[in-house]
Amino acid sequence: MKIRSPRYHRETPRRFRLEAEKTKSGKIFFPPRKYYENGEKAEPIRLAESGKVVTYTVIHTAPAEHSDLTPYAIAIVELDDGARITSQIADVDTSKVSIGMRVKIEFRKIRTEGDEGLLCYGYKVVPE
Amino acid sequence: MRDVAVVGLGLHKWGELWDLSLRDMFTIASRNAMDDAGVDHIDSMYIGCMSGGLFAAQEHIGSLMADYLGVTPIPVTRVESACASGGVAFRLAWMEVASGLSEIVLAGGVEKMTDISGDEATFALSTAADTEYEGYVGVTFPGLYAMMAAAHMQKYGTTLEQLAHVSVKNHDNGALNPNAQYPFPVTLETVMNSTMVAEPLRLLHCSPITDGAAAVILCSVELAREKYNDRPMVVIKGSGQATDTIALHSRADITSLKAVEVAAKKAYGMAGVGPKDIDLTEVHDCFSIAEIMTTEALGLFEPGEGGAAAENGVTSRDGSTPVNTSGGLKSKGHPVGATGIAQIIELTTQLRGDAGKRQINNPRVGLAQNMGGSGGSSTVHILERQ
(Lines give C-alpha, C1' and ligand atoms only; values in the text may rest on other atoms or scores of the structure.)
Protein backbone atom coordinates (compact mmCIF):
# COMPACT_ATOMS: atom_id res chain seq x y z
CA MET A 1 0.00 0.00 0.00
CA LYS A 2 1.30 3.49 -0.85
CA ILE A 3 1.63 5.62 2.24
CA ARG A 4 2.41 9.34 2.05
CA SER A 5 5.31 10.74 4.02
CA PRO A 6 3.31 12.63 6.72
CA ARG A 7 2.32 9.29 8.21
CA TYR A 8 5.97 8.32 8.50
CA HIS A 9 7.12 11.65 9.90
CA ARG A 10 4.33 11.73 12.49
CA GLU A 11 6.01 8.82 14.31
CA THR A 12 9.58 10.16 14.29
CA PRO A 13 9.59 11.45 17.92
CA ARG A 14 9.04 7.82 19.02
CA ARG A 15 11.14 6.06 16.40
CA PHE A 16 14.10 8.46 16.34
CA ARG A 17 14.17 9.73 19.92
CA LEU A 18 12.32 6.99 21.86
CA GLU A 19 9.96 9.56 23.37
CA ALA A 20 7.60 7.94 25.86
CA GLU A 21 5.54 9.02 28.87
CA LYS A 22 5.48 7.80 32.45
CA THR A 23 2.28 8.12 34.44
CA LYS A 24 2.17 9.22 38.09
CA SER A 25 1.63 5.58 39.10
CA GLY A 26 4.86 4.66 37.30
CA LYS A 27 3.65 2.93 34.15
CA ILE A 28 5.49 3.74 30.93
CA PHE A 29 3.51 4.20 27.73
CA PHE A 30 5.29 3.86 24.39
CA PRO A 31 3.98 5.46 22.26
CA PRO A 32 2.50 8.06 24.65
CA ARG A 33 -1.31 8.25 24.75
CA LYS A 34 -3.41 11.37 24.34
CA TYR A 35 -5.38 10.32 27.42
CA TYR A 36 -4.65 8.06 30.40
CA GLU A 37 -7.09 6.00 32.43
CA ASN A 38 -9.01 8.17 34.90
CA GLY A 39 -7.29 11.26 33.53
CA GLU A 40 -3.99 10.34 35.20
CA LYS A 41 -1.14 12.78 34.50
CA ALA A 42 2.08 11.69 32.83
CA GLU A 43 5.49 13.20 32.17
CA PRO A 44 7.70 12.80 29.09
CA ILE A 45 10.66 10.43 29.39
CA ARG A 46 13.10 8.79 27.03
CA LEU A 47 13.09 4.98 26.96
CA ALA A 48 16.01 3.07 28.46
CA GLU A 49 18.29 1.91 25.67
CA SER A 50 19.16 -1.55 27.00
CA GLY A 51 17.10 -4.51 28.06
CA LYS A 52 16.49 -8.21 27.65
CA VAL A 53 14.61 -10.50 25.25
CA VAL A 54 11.23 -11.57 26.71
CA THR A 55 10.34 -13.76 23.73
CA TYR A 56 11.41 -13.97 20.10
CA THR A 57 10.90 -15.57 16.72
CA VAL A 58 12.87 -15.87 13.52
CA ILE A 59 10.80 -14.74 10.53
CA HIS A 60 11.27 -16.85 7.39
CA THR A 61 8.24 -15.60 5.44
CA ALA A 62 8.19 -11.80 5.52
CA PRO A 63 6.08 -8.98 4.08
CA ALA A 64 7.47 -7.50 0.83
CA GLU A 65 9.16 -4.51 2.59
CA HIS A 66 11.23 -6.83 4.78
CA SER A 67 11.69 -9.92 2.58
CA ASP A 68 15.27 -9.04 1.58
CA LEU A 69 16.33 -9.57 5.23
CA THR A 70 14.95 -13.10 5.84
CA PRO A 71 15.58 -14.95 7.99
CA TYR A 72 15.58 -12.23 10.63
CA ALA A 73 14.97 -12.28 14.37
CA ILE A 74 12.17 -10.29 16.01
CA ALA A 75 11.77 -9.97 19.74
CA ILE A 76 9.65 -8.44 22.42
CA VAL A 77 12.25 -6.64 24.52
CA GLU A 78 11.78 -5.50 28.10
CA LEU A 79 13.92 -2.42 28.55
CA ASP A 80 15.67 -1.73 31.86
CA ASP A 81 12.98 0.83 32.78
CA GLY A 82 10.27 -1.84 32.42
CA ALA A 83 8.82 -0.65 29.10
CA ARG A 84 8.36 -3.23 26.33
CA ILE A 85 8.85 -2.86 22.59
CA THR A 86 8.76 -5.12 19.54
CA SER A 87 11.99 -4.87 17.57
CA GLN A 88 14.17 -6.63 15.07
CA ILE A 89 17.42 -8.04 16.45
CA ALA A 90 20.17 -7.03 14.01
CA ASP A 91 23.77 -8.15 13.70
CA VAL A 92 23.11 -11.54 15.24
CA ASP A 93 23.34 -15.19 14.23
CA THR A 94 19.63 -16.03 14.50
CA SER A 95 20.42 -19.47 15.92
CA LYS A 96 22.13 -17.79 18.88
CA VAL A 97 19.15 -15.68 20.02
CA SER A 98 17.68 -16.74 23.35
CA ILE A 99 15.09 -15.63 25.89
CA GLY A 100 16.79 -13.48 28.53
CA MET A 101 19.55 -12.35 26.13
CA ARG A 102 20.82 -8.78 26.76
CA VAL A 103 20.33 -6.30 23.93
CA LYS A 104 20.70 -2.56 23.32
CA ILE A 105 18.85 -0.18 20.99
CA GLU A 106 20.49 1.24 17.87
CA PHE A 107 19.20 3.67 15.25
CA ARG A 108 18.83 1.78 11.96
CA LYS A 109 17.16 1.78 8.57
CA ILE A 110 13.96 -0.27 8.88
CA ARG A 111 12.62 -0.49 5.32
CA THR A 112 11.92 1.22 2.01
CA GLU A 113 8.33 2.20 1.38
CA GLY A 114 6.28 2.80 -1.73
CA ASP A 115 7.20 3.62 -5.33
CA GLU A 116 9.07 6.75 -4.23
CA GLY A 117 11.46 4.57 -2.24
CA LEU A 118 10.99 6.47 1.01
CA LEU A 119 13.79 5.33 3.33
CA CYS A 120 12.31 4.61 6.74
CA TYR A 121 14.39 4.61 9.90
CA GLY A 122 13.81 3.66 13.51
CA TYR A 123 15.06 1.40 16.28
CA LYS A 124 16.49 -2.09 16.16
CA VAL A 125 18.25 -3.92 18.95
CA VAL A 126 21.64 -5.62 18.75
CA PRO A 127 23.37 -7.94 21.24
CA GLU A 128 24.80 -5.88 24.12
CA MET B 1 -34.15 -9.86 27.01
CA ARG B 2 -35.75 -12.92 25.48
CA ASP B 3 -34.20 -16.28 24.56
CA VAL B 4 -32.90 -16.62 21.01
CA ALA B 5 -32.58 -19.76 18.87
CA VAL B 6 -30.33 -20.64 15.93
CA VAL B 7 -32.77 -22.01 13.35
CA GLY B 8 -30.91 -21.94 10.03
CA LEU B 9 -27.37 -22.82 8.93
CA GLY B 10 -25.75 -21.90 5.62
CA LEU B 11 -22.28 -22.87 4.40
CA HIS B 12 -20.61 -23.88 1.17
CA LYS B 13 -17.38 -25.65 0.27
CA TRP B 14 -14.46 -23.40 1.24
CA GLY B 15 -11.16 -23.10 -0.57
CA GLU B 16 -9.37 -21.11 -3.25
CA LEU B 17 -12.51 -20.38 -5.24
CA TRP B 18 -11.63 -18.71 -8.52
CA ASP B 19 -15.19 -18.94 -9.83
CA LEU B 20 -16.90 -17.30 -6.87
CA SER B 21 -16.79 -13.62 -5.87
CA LEU B 22 -17.26 -11.95 -2.47
CA ARG B 23 -20.92 -11.34 -3.25
CA ASP B 24 -21.48 -14.82 -4.74
CA MET B 25 -20.21 -16.62 -1.67
CA PHE B 26 -22.21 -14.53 0.76
CA THR B 27 -25.38 -14.93 -1.27
CA ILE B 28 -24.96 -18.71 -1.49
CA ALA B 29 -24.32 -19.12 2.25
CA SER B 30 -27.22 -16.80 3.13
CA ARG B 31 -29.70 -18.54 0.83
CA ASN B 32 -28.60 -21.89 2.26
CA ALA B 33 -29.24 -20.58 5.79
CA MET B 34 -32.68 -19.21 4.89
CA ASP B 35 -33.63 -22.47 3.17
CA ASP B 36 -32.33 -24.52 6.11
CA ALA B 37 -34.50 -22.47 8.50
CA GLY B 38 -37.47 -22.32 6.15
CA VAL B 39 -37.83 -18.55 6.53
CA ASP B 40 -39.27 -16.51 3.67
CA HIS B 41 -37.80 -13.19 4.82
CA ILE B 42 -35.31 -11.62 7.22
CA ASP B 43 -35.68 -8.37 9.16
CA SER B 44 -32.02 -7.40 9.23
CA MET B 45 -28.47 -8.68 8.74
CA TYR B 46 -25.08 -8.36 10.42
CA ILE B 47 -22.10 -9.30 8.25
CA GLY B 48 -18.61 -9.99 9.59
CA CYS B 49 -16.02 -8.92 7.03
CA MET B 50 -12.52 -7.95 8.09
CA SER B 51 -11.35 -6.18 4.98
CA GLY B 52 -13.47 -6.16 1.86
CA GLY B 53 -11.36 -3.17 0.89
CA LEU B 54 -7.88 -4.66 1.11
CA PHE B 55 -8.82 -8.20 0.01
CA ALA B 56 -11.39 -7.48 -2.70
CA ALA B 57 -11.39 -3.70 -3.28
CA GLN B 58 -14.98 -3.57 -2.06
CA GLU B 59 -16.41 -1.71 0.91
CA HIS B 60 -20.06 -0.82 1.59
CA ILE B 61 -20.71 -4.52 2.18
CA GLY B 62 -24.17 -3.85 3.69
CA SER B 63 -25.66 -2.34 0.56
CA LEU B 64 -23.91 -4.81 -1.74
CA MET B 65 -25.17 -7.91 0.05
CA ALA B 66 -28.71 -6.60 0.60
CA ASP B 67 -28.82 -5.93 -3.13
CA TYR B 68 -27.48 -9.32 -4.25
CA LEU B 69 -29.52 -11.26 -1.71
CA GLY B 70 -32.61 -9.34 -2.88
CA VAL B 71 -33.53 -8.08 0.58
CA THR B 72 -33.32 -4.29 0.22
CA PRO B 73 -34.39 -2.08 2.00
CA ILE B 74 -33.77 -3.96 5.28
CA PRO B 75 -31.01 -2.60 7.54
CA VAL B 76 -27.65 -4.33 7.10
CA THR B 77 -24.61 -3.71 9.27
CA ARG B 78 -21.08 -4.73 8.30
CA VAL B 79 -19.01 -5.60 11.34
CA GLU B 80 -15.22 -5.53 11.71
CA SER B 81 -13.16 -6.96 14.55
CA ALA B 82 -10.36 -8.52 12.46
CA CYS B 83 -10.62 -12.33 12.63
CA ALA B 84 -13.37 -12.02 15.28
CA SER B 85 -15.66 -10.12 12.89
CA GLY B 86 -17.99 -13.11 12.52
CA GLY B 87 -18.29 -13.66 16.26
CA VAL B 88 -19.13 -10.00 16.82
CA ALA B 89 -21.70 -10.06 13.97
CA PHE B 90 -23.33 -13.07 15.64
CA ARG B 91 -23.42 -11.29 19.00
CA LEU B 92 -25.05 -8.19 17.48
CA ALA B 93 -27.66 -10.28 15.67
CA TRP B 94 -28.39 -12.08 18.95
CA MET B 95 -28.77 -8.71 20.73
CA GLU B 96 -31.18 -7.42 18.09
CA VAL B 97 -33.47 -10.44 18.44
CA ALA B 98 -33.05 -10.70 22.24
CA SER B 99 -34.01 -7.03 22.63
CA GLY B 100 -37.23 -7.58 20.70
CA LEU B 101 -36.27 -5.08 18.01
CA SER B 102 -36.40 -7.69 15.25
CA GLU B 103 -37.91 -11.16 14.84
CA ILE B 104 -35.68 -12.86 12.26
CA VAL B 105 -32.07 -11.76 11.82
CA LEU B 106 -29.28 -13.18 9.67
CA ALA B 107 -25.73 -13.25 11.07
CA GLY B 108 -23.16 -13.91 8.39
CA GLY B 109 -19.52 -13.57 7.55
CA VAL B 110 -17.47 -13.51 4.38
CA GLU B 111 -13.92 -13.01 3.15
CA LYS B 112 -12.53 -13.23 -0.37
CA MET B 113 -8.80 -13.62 0.22
CA THR B 114 -7.33 -15.09 -2.97
CA ASP B 115 -8.12 -12.31 -5.45
CA ILE B 116 -4.81 -10.73 -4.36
CA SER B 117 -1.30 -12.17 -4.11
CA GLY B 118 -0.05 -13.96 -1.00
CA ASP B 119 2.15 -10.96 -0.16
CA GLU B 120 -0.79 -8.58 -0.33
CA ALA B 121 -2.96 -10.94 1.74
CA THR B 122 -0.21 -11.14 4.37
CA PHE B 123 -0.17 -7.34 4.44
CA ALA B 124 -3.98 -7.12 4.73
CA LEU B 125 -3.93 -9.56 7.67
CA SER B 126 -1.06 -7.68 9.32
CA THR B 127 -3.30 -4.63 9.68
CA ALA B 128 -5.01 -6.49 12.54
CA ALA B 129 -1.83 -5.87 14.56
CA ASP B 130 -0.44 -2.45 15.56
CA THR B 131 0.60 -1.17 12.14
CA GLU B 132 3.03 1.45 13.45
CA TYR B 133 4.68 -0.42 16.31
CA GLU B 134 4.47 -4.09 15.26
CA GLY B 135 3.98 -4.29 11.49
CA TYR B 136 6.47 -1.47 10.83
CA VAL B 137 9.38 -3.34 12.40
CA GLY B 138 8.70 -6.47 10.34
CA VAL B 139 6.65 -8.74 12.57
CA THR B 140 4.01 -10.89 10.84
CA PHE B 141 0.96 -12.63 12.30
CA PRO B 142 2.71 -15.99 12.36
CA GLY B 143 5.56 -14.07 14.02
CA LEU B 144 3.31 -12.74 16.83
CA TYR B 145 1.89 -16.20 17.56
CA ALA B 146 5.40 -17.67 17.27
CA MET B 147 6.51 -15.31 20.06
CA MET B 148 3.57 -16.48 22.17
CA ALA B 149 4.58 -20.08 21.44
CA ALA B 150 8.21 -19.46 22.41
CA ALA B 151 7.12 -17.84 25.68
CA HIS B 152 4.63 -20.66 26.40
CA MET B 153 7.29 -23.31 25.71
CA GLN B 154 9.74 -21.51 28.00
CA LYS B 155 7.25 -21.05 30.85
CA TYR B 156 5.37 -24.36 30.74
CA GLY B 157 7.56 -26.76 28.79
CA THR B 158 5.06 -26.99 25.93
CA THR B 159 6.75 -29.00 23.15
CA LEU B 160 6.96 -28.86 19.36
CA GLU B 161 5.31 -32.30 19.28
CA GLN B 162 2.35 -30.95 21.25
CA LEU B 163 1.96 -28.05 18.82
CA ALA B 164 2.06 -30.51 15.92
CA HIS B 165 -0.54 -32.75 17.57
CA VAL B 166 -3.03 -29.87 17.41
CA SER B 167 -2.66 -29.72 13.62
CA VAL B 168 -2.81 -33.51 13.23
CA LYS B 169 -5.99 -33.71 15.34
CA ASN B 170 -7.68 -30.86 13.46
CA HIS B 171 -6.86 -32.39 10.08
CA ASP B 172 -8.25 -35.74 11.30
CA ASN B 173 -11.52 -33.92 12.04
CA GLY B 174 -11.49 -31.82 8.88
CA ALA B 175 -11.01 -34.96 6.77
CA LEU B 176 -14.62 -35.75 7.71
CA ASN B 177 -15.96 -32.28 6.91
CA PRO B 178 -17.14 -32.02 3.28
CA ASN B 179 -16.97 -28.20 3.40
CA ALA B 180 -13.34 -28.07 4.58
CA GLN B 181 -10.66 -26.47 2.42
CA TYR B 182 -8.11 -29.21 3.22
CA PRO B 183 -10.20 -32.31 4.04
CA PHE B 184 -7.35 -34.78 4.50
CA PRO B 185 -5.27 -36.09 7.39
CA VAL B 186 -1.63 -35.11 7.92
CA THR B 187 1.01 -37.02 9.88
CA LEU B 188 2.99 -35.72 12.82
CA GLU B 189 6.14 -36.08 10.75
CA THR B 190 4.70 -34.01 7.88
CA VAL B 191 3.73 -31.18 10.26
CA MET B 192 7.11 -31.20 12.01
CA ASN B 193 9.03 -31.11 8.73
CA SER B 194 6.87 -28.58 6.89
CA THR B 195 8.33 -25.26 5.71
CA MET B 196 9.44 -22.93 8.49
CA VAL B 197 7.33 -19.74 8.61
CA ALA B 198 8.22 -18.05 11.93
CA GLU B 199 10.24 -20.14 14.38
CA PRO B 200 9.01 -22.33 16.00
CA LEU B 201 5.86 -22.28 13.81
CA ARG B 202 5.90 -24.14 10.49
CA LEU B 203 3.46 -23.99 7.61
CA LEU B 204 1.28 -26.78 9.02
CA HIS B 205 0.93 -24.95 12.33
CA CYS B 206 -0.75 -22.08 10.45
CA SER B 207 -4.32 -21.73 9.21
CA PRO B 208 -4.54 -21.11 5.45
CA ILE B 209 -5.76 -18.23 3.30
CA THR B 210 -9.31 -19.07 2.28
CA ASP B 211 -12.30 -17.84 0.28
CA GLY B 212 -15.54 -18.53 2.08
CA ALA B 213 -18.80 -17.38 3.61
CA ALA B 214 -21.12 -18.63 6.35
CA ALA B 215 -24.54 -17.54 7.60
CA VAL B 216 -27.00 -18.42 10.34
CA ILE B 217 -30.60 -17.38 11.00
CA LEU B 218 -31.65 -16.31 14.49
CA CYS B 219 -35.15 -15.82 15.86
CA SER B 220 -36.82 -15.78 19.25
CA VAL B 221 -37.31 -19.16 20.92
CA GLU B 222 -41.01 -18.33 21.03
CA LEU B 223 -41.19 -17.94 17.25
CA ALA B 224 -38.93 -20.97 16.71
CA ARG B 225 -41.29 -23.15 18.80
CA GLU B 226 -44.24 -21.93 16.79
CA LYS B 227 -42.89 -21.99 13.22
CA TYR B 228 -39.37 -23.40 12.92
CA ASN B 229 -39.69 -26.48 15.08
CA ASP B 230 -38.81 -29.37 12.75
CA ARG B 231 -35.27 -29.68 14.16
CA PRO B 232 -33.84 -30.05 17.66
CA MET B 233 -33.93 -26.52 19.13
CA VAL B 234 -30.53 -24.89 19.68
CA VAL B 235 -30.63 -21.85 21.97
CA ILE B 236 -28.00 -19.16 22.68
CA LYS B 237 -27.44 -19.36 26.44
CA GLY B 238 -24.45 -17.07 26.88
CA SER B 239 -22.56 -14.38 25.02
CA GLY B 240 -19.36 -12.56 25.97
CA GLN B 241 -17.10 -10.12 24.19
CA ALA B 242 -13.90 -8.43 25.37
CA THR B 243 -10.84 -6.52 24.20
CA ASP B 244 -7.16 -6.38 25.07
CA THR B 245 -4.29 -4.14 23.93
CA ILE B 246 -3.67 -4.09 20.17
CA ALA B 247 0.07 -4.75 20.54
CA LEU B 248 1.22 -8.05 22.01
CA HIS B 249 4.16 -6.36 23.75
CA SER B 250 1.78 -4.16 25.81
CA ARG B 251 0.38 -7.17 27.70
CA ALA B 252 1.66 -8.10 31.13
CA ASP B 253 1.46 -11.81 30.32
CA ILE B 254 2.26 -13.06 26.82
CA THR B 255 1.36 -16.67 27.69
CA SER B 256 -2.31 -16.00 28.43
CA LEU B 257 -5.23 -14.43 26.54
CA LYS B 258 -7.03 -11.95 28.77
CA ALA B 259 -9.75 -11.02 26.25
CA VAL B 260 -10.69 -14.69 25.93
CA GLU B 261 -10.76 -15.14 29.71
CA VAL B 262 -12.99 -12.10 30.22
CA ALA B 263 -15.38 -12.98 27.37
CA ALA B 264 -15.60 -16.57 28.64
CA LYS B 265 -16.36 -15.44 32.19
CA LYS B 266 -19.25 -13.32 30.94
CA ALA B 267 -20.63 -16.08 28.72
CA TYR B 268 -20.35 -18.76 31.43
CA GLY B 269 -22.04 -16.44 33.92
CA MET B 270 -24.92 -15.64 31.59
CA ALA B 271 -25.42 -19.30 30.69
CA GLY B 272 -25.08 -20.48 34.29
CA VAL B 273 -22.56 -23.13 33.29
CA GLY B 274 -18.82 -23.71 33.71
CA PRO B 275 -16.06 -25.32 31.64
CA LYS B 276 -16.97 -28.80 32.95
CA ASP B 277 -20.47 -28.52 31.47
CA ILE B 278 -19.22 -27.98 27.91
CA ASP B 279 -19.59 -31.04 25.64
CA LEU B 280 -17.76 -29.62 22.62
CA THR B 281 -15.79 -26.50 21.79
CA GLU B 282 -14.82 -24.66 18.62
CA VAL B 283 -11.82 -22.42 19.27
CA HIS B 284 -9.84 -19.98 17.17
CA ASP B 285 -6.85 -22.13 16.14
CA CYS B 286 -5.40 -19.62 13.68
CA PHE B 287 -2.07 -21.16 14.77
CA SER B 288 -1.56 -24.37 16.73
CA ILE B 289 -0.38 -22.43 19.79
CA ALA B 290 -3.65 -20.46 19.70
CA GLU B 291 -5.69 -23.62 20.28
CA ILE B 292 -3.51 -24.50 23.27
CA MET B 293 -3.77 -21.00 24.75
CA THR B 294 -7.50 -20.52 24.08
CA THR B 295 -8.45 -23.85 25.64
CA GLU B 296 -6.49 -22.75 28.71
CA ALA B 297 -8.11 -19.29 28.72
CA LEU B 298 -11.56 -20.90 28.52
CA GLY B 299 -10.77 -22.91 31.66
CA LEU B 300 -11.01 -26.24 29.85
CA PHE B 301 -7.45 -26.91 31.03
CA GLU B 302 -5.11 -25.40 33.60
CA PRO B 303 -2.52 -22.93 32.24
CA GLY B 304 0.27 -24.97 30.69
CA GLU B 305 -1.87 -28.11 30.27
CA GLY B 306 -3.32 -27.33 26.83
CA GLY B 307 -0.43 -28.89 24.92
CA ALA B 308 -0.57 -32.16 26.82
CA ALA B 309 -4.35 -32.29 26.25
CA ALA B 310 -3.83 -32.31 22.49
CA GLU B 311 -0.98 -34.81 22.69
CA ASN B 312 -2.91 -37.23 24.91
CA GLY B 313 -6.07 -37.21 22.78
CA VAL B 314 -8.19 -35.38 25.36
CA THR B 315 -9.29 -32.86 22.68
CA SER B 316 -9.88 -35.49 19.96
CA ARG B 317 -13.39 -36.33 18.78
CA ASP B 318 -13.50 -39.36 21.07
CA GLY B 319 -11.70 -37.58 23.94
CA SER B 320 -13.35 -36.17 27.05
CA THR B 321 -13.11 -32.55 25.78
CA PRO B 322 -13.54 -32.50 21.98
CA VAL B 323 -12.11 -29.32 20.41
CA ASN B 324 -12.62 -28.23 16.79
CA THR B 325 -14.60 -31.20 15.49
CA SER B 326 -15.08 -29.14 12.31
CA GLY B 327 -11.36 -29.34 11.54
CA GLY B 328 -10.80 -25.91 13.02
CA LEU B 329 -9.34 -23.00 11.13
CA LYS B 330 -6.39 -25.23 10.27
CA SER B 331 -8.16 -27.80 8.10
CA LYS B 332 -11.56 -26.22 7.44
CA GLY B 333 -9.95 -22.95 6.33
CA HIS B 334 -10.00 -19.40 7.69
CA PRO B 335 -11.85 -16.82 5.58
CA VAL B 336 -11.43 -14.39 8.45
CA GLY B 337 -14.84 -12.69 8.54
CA ALA B 338 -16.70 -16.01 8.13
CA THR B 339 -14.84 -18.05 10.76
CA GLY B 340 -16.87 -16.99 13.80
CA ILE B 341 -20.13 -17.87 12.05
CA ALA B 342 -18.82 -21.23 10.82
CA GLN B 343 -17.95 -22.10 14.44
CA ILE B 344 -21.61 -21.53 15.41
CA ILE B 345 -22.66 -23.71 12.46
CA GLU B 346 -20.44 -26.59 13.62
CA LEU B 347 -21.78 -26.40 17.17
CA THR B 348 -25.39 -26.29 15.99
CA THR B 349 -24.82 -29.16 13.53
CA GLN B 350 -23.31 -31.28 16.31
CA LEU B 351 -26.04 -30.32 18.81
CA ARG B 352 -28.69 -31.26 16.24
CA GLY B 353 -26.95 -34.61 15.72
CA ASP B 354 -26.39 -33.88 12.03
CA ALA B 355 -22.57 -34.00 11.89
CA GLY B 356 -22.39 -37.36 10.08
CA LYS B 357 -19.06 -39.13 10.36
CA ARG B 358 -17.60 -36.54 12.74
CA GLN B 359 -20.66 -36.55 15.05
CA ILE B 360 -19.75 -36.81 18.72
CA ASN B 361 -21.94 -38.70 21.19
CA ASN B 362 -25.11 -36.79 22.09
CA PRO B 363 -23.71 -33.33 22.97
CA ARG B 364 -26.00 -30.88 24.80
CA VAL B 365 -23.87 -27.78 25.43
CA GLY B 366 -21.31 -26.27 23.01
CA LEU B 367 -18.96 -23.29 23.20
CA ALA B 368 -17.53 -21.17 20.36
CA GLN B 369 -14.55 -18.84 20.82
CA ASN B 370 -13.56 -16.42 18.05
CA MET B 371 -10.52 -14.14 18.31
CA GLY B 372 -9.20 -11.02 16.58
CA GLY B 373 -5.55 -10.22 15.95
CA SER B 374 -3.07 -11.57 18.48
CA GLY B 375 -5.87 -11.66 21.07
CA GLY B 376 -6.86 -7.98 20.98
CA SER B 377 -10.53 -8.98 20.78
CA SER B 378 -12.55 -12.10 21.43
CA THR B 379 -16.09 -13.39 21.60
CA VAL B 380 -17.40 -16.46 23.39
CA HIS B 381 -20.83 -17.99 22.80
CA ILE B 382 -22.50 -20.90 24.57
CA LEU B 383 -25.24 -22.84 22.79
CA GLU B 384 -27.54 -25.48 24.26
CA ARG B 385 -29.84 -28.06 22.70
CA GLN B 386 -33.26 -28.02 24.33
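The values are calculated or read from the model by the stated rules, or taken from the named source; none is laboratory data. Values in this document were obtained by computation on a predicted structure and should not be read as measured data. When we count neighbours, we look across all protein chains shown, and the Cβ atoms used for this are built from the backbone with ideal geometry, even at glycine. Ligands, DNA and RNA are stripped out before the accessible areas are found, and what is left, the full protein with its side chains, is counted by its heavy atoms. Shrake-Rupley method; radii C 1.70, N 1.55, O 1.52, S 1.80 Å.
Taken one residue at a time, the phi angles of the stretch A:31-37 give Karplus couplings (6.51, -1.76, 1.60, θ = phi - 60°) of x, x, 9, 6, 8, 10, 3 Hz. Gly and Pro are set to x.
With a 1.4 Å probe and all protein chains left in place, how much of the accessible area of chain B comes from carbon and sulfur atoms, in whole percent? After summing per-atom areas, the C and S share lands at 50 percent.
For chain A, just say rounded, prolate or oblate: build the C-alpha gyration tensor, square-root its eigenvalues into a ≥ b ≥ c, call rounded for a/c under 1.5, and beyond that prolate if a/b exceeds b/c, oblate if not. The shape class here is oblate. Could you tell me what a quarter of the Cα convex hull surface of chain B works out to, in nm² with one decimal place? One quarter of the hull surface, i.e. the mean projection, equals 16.5 nm².
Using a 1.4 Å probe on the protein heavy atoms only, what accessible surface does B:Thr190 show? Give it in Å² to the nearest 10. Accessible area, nearest 10 Å²: 70 Å². Pair-distance distribution P(r) for the stretch B:1-104, from all Cα-Cα distances in 5 Å bins starting at 0: 2, 12, 21, 27, 22, 10, 4, 1, 0 percent. From helices alone, chain A scores -2000 deg cm²/dmol at 222 nm; the rule is -39500 (n - 2.57) for each run of n ≥ 4 DSSP H residues, then divide by the residue total. Spatially, the stretch B:210-227 and the stretch B:46-98 are offset by 15 Å when compared through their Cα centroids. Based on Cα contacts under 8 Å between residues 6+ apart, chain B shows a relative contact order of 26 percent. Around the Cα centre of the stretch A:12-128, unit charges on the Cβ atoms of Lys, Arg, Asp and Glu (plus for the first two, minus for the last two) sum to a dipole of about 400 debye.
Dividing the alpha-carbon radius of gyration of the stretch A:63-120 by the rule-of-thumb value 2.2 N^0.38 Å gives 1.29. Using equal-weight Cα scatterers in the Debye expression, the normalised intensity of the stretch B:89-189 in log10 at q = 0.14, 0.16, 0.21, 0.24 Å⁻¹ is -0.96, -1.08, -1.09, -1.11. Rounded to whole numbers, the Karplus 3J(HN,Hα) couplings from phi for the stretch B:186-195 are 10, 8, 4, 5, 4, 4, 6, 10, 6, 4 Hz, using 6.51 cos²θ - 1.76 cosθ + 1.60 with θ = phi - 60°, and x at Gly and Pro. Averaged over its residues, the protein assembly as shown has an accessible area of 38 Å² per residue, based on protein heavy atoms and a 1.4 Å probe. Summed for both chains, how many Å² of accessible area, to the nearest 100, are buried between B and A with a 1.4 Å probe? That pair hides around 2800 Å² of surface in total. Where a ≥ b ≥ c are the square roots of the eigenvalues of the C-alpha gyration tensor, would you call the protein assembly as shown rounded, which needs a/c under 1.5, or, failing that, prolate if a/b is larger than b/c, or oblate? Prolate. Taking all protein chains together, A:Glu78, B:Glu302 sort by accessible area into B:Glu302, A:Glu78, largest first [probe 1.4 Å]. Could you tally the net charge around B:His41, taking each other residue with its Cβ under 14 Å from the Cβ of B:His41, Lys/Arg +1 and Asp/Glu -1? Combined, the nearby Lys, Arg, Asp and Glu give -2.
Scanning chain B for helices, which whole DSSP H stretches are 15 Å or more long along the axis (Cα) and average -1.0 or more by Kyte-Doolittle? Within chain B the helices that satisfy the rule are B:22-37, B:85-98, B:141-156, B:160-174, B:258-271, B:336-352.
Close amide H partners of A:Glu106, meaning residues 5 or more places away or on another chain with modelled amide H under 5 Å apart, are A:Lys124, A:Val125, A:Val126. In a DSSP loop and with at most 16 other Cβ atoms within 10 Å, there are no chymotrypsin sites (Phe, Trp or Tyr not before Pro) in the stretch B:95-165. The overall shape of the stretch B:161-282 is oblate: from the C-alpha gyration tensor, with semi-axes ordered a ≥ b ≥ c, the ratio a/c is 1.5 or greater and a/b is no larger than b/c. The trypsin sites (Lys or Arg not before Pro) of the stretch A:1-47 that DSSP puts in a loop, and whose beta carbon has at most 16 other beta carbons within 10 Å, are A:Lys2, A:Arg4, A:Lys24, A:Lys27, A:Arg33, A:Lys34, A:Lys41. With θ taken as phi - 60° and the Karplus curve 6.51 cos²θ - 1.76 cosθ + 1.60 applied, the whole-hertz 3J(HN,Hα) list for the stretch B:368-379 is 10, 10, 10, 10, x, x, 8, x, x, 8, 7, 10 Hz, x standing for glycine and proline.
Per-atom-type breakdown for chain A gives carbon and sulfur 48% of the accessible area (1.4 Å probe, protein chains only).
Per-residue ellipticity at 222 nm, computed for chain B from helices alone with -39500 (n - 2.57) per DSSP H run of at least four residues, works out to -11500 deg cm²/dmol. This model, with +1 at the C-beta of Lys and Arg and -1 at the C-beta of Asp and Glu, gives chain B a dipole about its Cα centre of some 720 debye.
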